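Working notes, beginning with the structure itself.
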Amino acid sequence: METRQLLTMPNGAERSQALFERLCRTMPGANTRTATFYAPFPLAIERGEGPWIWDVDGNRLIDLVNNYTSLVHGHAAPPIVEAITAAARNGTVFPAPVLGQLELSERICARLDSVEQVRFTNSGTEATMHAVRCARAATGRPLLVKARHGYHGSWDGAPPVEDDVRGVPDPVRETVVWVDFNEVASLEATMAAHGDQVAAILLEPMLGGGVVPGERPFFVAARELADRHGALLILDEVVTLRLHLRGYQDALGVRPDLTTLGKVIGGGLPIGGFAAPEALMSHYDPRVRDGISHHGTFNGNTLAMAAGVASLDLLDEAAIARINGLGARLAAGL
């Protein structure tokens, strides 16, 4: 085992280092989520409360990550903890509809003008996978257009960059066509060359790799080009739903055909969702012949539904304005 220098912390980081070294025996690199690793070893977190976290060595830190925006209300927000606790008393998951699914789906459909129905998954990755599959089923086409450095989860069909393809079969890799984010000319050229085979243009309103805000002309062009070539437009709002009451699509003034969701709609629990008008979502209606099967042991589980309802109720227009104001203040200061 190589010698690692302890991080400079008031109470040191000996316990974090020891835990890391033990975890290395049972988990590759002591890690099950690549983005959370940093050298020489990550701090191990014991608990969180509001904007604060405490590591296993007793250091109190301000958390500017908040689990990559999923904890928009901070750690252990009392209304969300109470909602989860109350739901757990009645059972955590059932292979049947539950009231929480109605409550959360109604809230999502009321917020987003572009959607009429939603299906729940356990991650944004799964949500995006199914949105793309829905687009391919609706159009009968194979290709997906996406932006370089766009993050749409961890799956073979939409890596963030062209060379992130280890373990991905060539036929899968060849279904993705790349464009430069916010570059209208790049999108126009790609659609001119491949438009008749494109099922969907998949974009984040804010680019995941680098947190680059989307520019309205680029998204207006994406909408127009999708329509011109008979493709669908998918907006990945897994991160950006927190930035606007009706989704960042409303701020951009662009209505997508499909929207993917996650993070804040689960109040800190694993969740994802894909949503669209009823005509598109009908491909997933089990009453429809030759529809798309969509399974998942924990889809729509009671805990995530309860946490999501509490989270969205707290995330009203005033809360979003406050958060965005704090973000602007931080950015200006930096």
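Derivation of every value follows stated rules applied to the coordinates shown; laboratory data play no part. Just so we're clear, the structure is a prediction, and the values are computed from it rather than from any experiment. Cβ coordinates were reconstructed from backbone atoms using ideal geometry, including for glycine residues, and neighbour counts include every protein chain displayed.
Within the chain, what's the longest run with no GluC sites (Glu not before Pro) in a DSSP loop and at most 11 other beta-carbon atoms within 10 Å? Give the range, please. Please report the intermediate quantities before stating the final value.
Details: sites that count: Glu2, Glu162, Glu174.
It works out to 175-334.
Pick from Gln117, Gln17, Gln197 the residue whose mean-square fluctuation is largest in a GNM of the chain, springs joining Cα atoms under 10 Å.
Gln17
Looking at the chain as a GNM with Cα springs under 10 Å, which of Tyr151, Tyr248, Tyr284 has the largest mean-square fluctuation?
Largest GNM mean-square fluctuation: Tyr284.
In region 1-92, with Lys and Arg counted as +1 and Asp and Glu as -1 at Cβ, which of these residues, Thr32, Gln17, Ala76, has the Cα nearest the positive end of the dipole, that is, farthest along it?
Result: Thr32, furthest along the dipole toward the positive end.
Return the Rg/Rh ratio of region 34-129 with Cα-based radii and a Kirkwood Rh. Intermediate values should be presented prior to the final figure.
Working: Rg = 17.2 Å, Rh = 16.6 Å.
Taking Rh as the inverse mean 1/r over Cα pairs, Rg/Rh reads 1.04.
Quote the charge dipole size of region 1-121 about the Cα centre in Debye, to the nearest 20; the model charges only the Cβ of Lys and Arg (+1) and of Asp and Glu (-1). If you can, show how the numbers build up before the last one.
On the way: 11 positive and 13 negative charges, 53 e Å.
My answer is approximately 260 debye.
In the P(r) worked out for the chain, what percent of Cα pairs fall beyond 38 Å?
Result for the distance tail: 19 percent.
Can you check what the net charge comes to around Gly124, using other residues whose Cβ is under 10 Å from the Cβ of Gly124 (Lys, Arg +1; Asp, Glu -1)?
Details: positive: Lys263; negative: Glu126, Asp236, Glu237.
Computed value for this residue: -2.
For Ser293 and Asn11, what is the calculated FRET efficiency with R₀ set at 45 Å and r taken between the beta-carbons, to the nearest 0.05? Don't jump to the answer; show the numbers that get you there.
Numbers: r = 51 Å, r/R0 = 1.14.
The value I calculate is 0.30.
Translational D (Stokes-Einstein, µm²/s) of region 253-334 at 37 °C and 0.692 mPa s when Rh comes from the Kirkwood sum over C-alpha pairs?
On the way: Rh = 15.5 Å.
The diffusion coefficient I find is 212 µm²/s.
Among Gly262, Gly195, Gly300, which one moves the most in a GNM of the chain with springs linking Cα atoms closer than 10 Å?
Maximum fluctuation in the GNM of the chain, among the listed residues, is at Gly195.
With only Lys, Arg, Asp and Glu charged, each at its Cβ (+1 for the first two, -1 for the last two), find how big the charge dipole of region 77-176 is about the Cα centre; round to the nearest 20 debye. Numbers along the way, then the final one.
Working: 11 positive and 12 negative charges, 24 e Å.
The dipole of region 77-176 has a size of about 120 debye.
Return the Rg/Rh value of region 178-316, two decimal places, where both radii are evaluated on C-alpha atoms and Rh is the Kirkwood radius.
Working: Rg = 16.4 Å, Rh = 16.4 Å.
Radius of gyration over Kirkwood radius for region 178-316 works out to 1.00.
Once R0 is set to 35 Å, what does the formula 1/(1 + (r/R0)^6) return for the Cβ-Cβ distance between Asn90 and Arg60, expressed as a FRET efficiency to the nearest 0.05?
Values: r = 35 Å, r/R0 = 1.01.
Plugging the Cβ-Cβ distance into 1/(1 + (r/R0)^6) gives 0.50.
Under a Cβ-Cβ cut-off of 13 Å, what is the net charge of the residues other than Val65 that fall near it, where Lys and Arg count +1 and Asp and Glu count -1?
Details: positive: Arg33, Lys263; negative: Asp63.
The answer is +1.
Volume per residue, Å³, of the convex hull around the alpha-carbon atoms of region 95-236?
Details: hull volume 18.7 nm³, N = 142.
Hull volume over Cα atoms, normalised by residue count, gives 132 Å³.
For Arg228, what charge total do you get from the other residues with a beta carbon under 12 Å from its beta carbon, if Lys and Arg give +1 and Asp and Glu give -1?
Numbers: positive: Arg223; negative: Glu188, Asp196, Glu224, Asp227.
Every neighbour counted, the sum reads -3.
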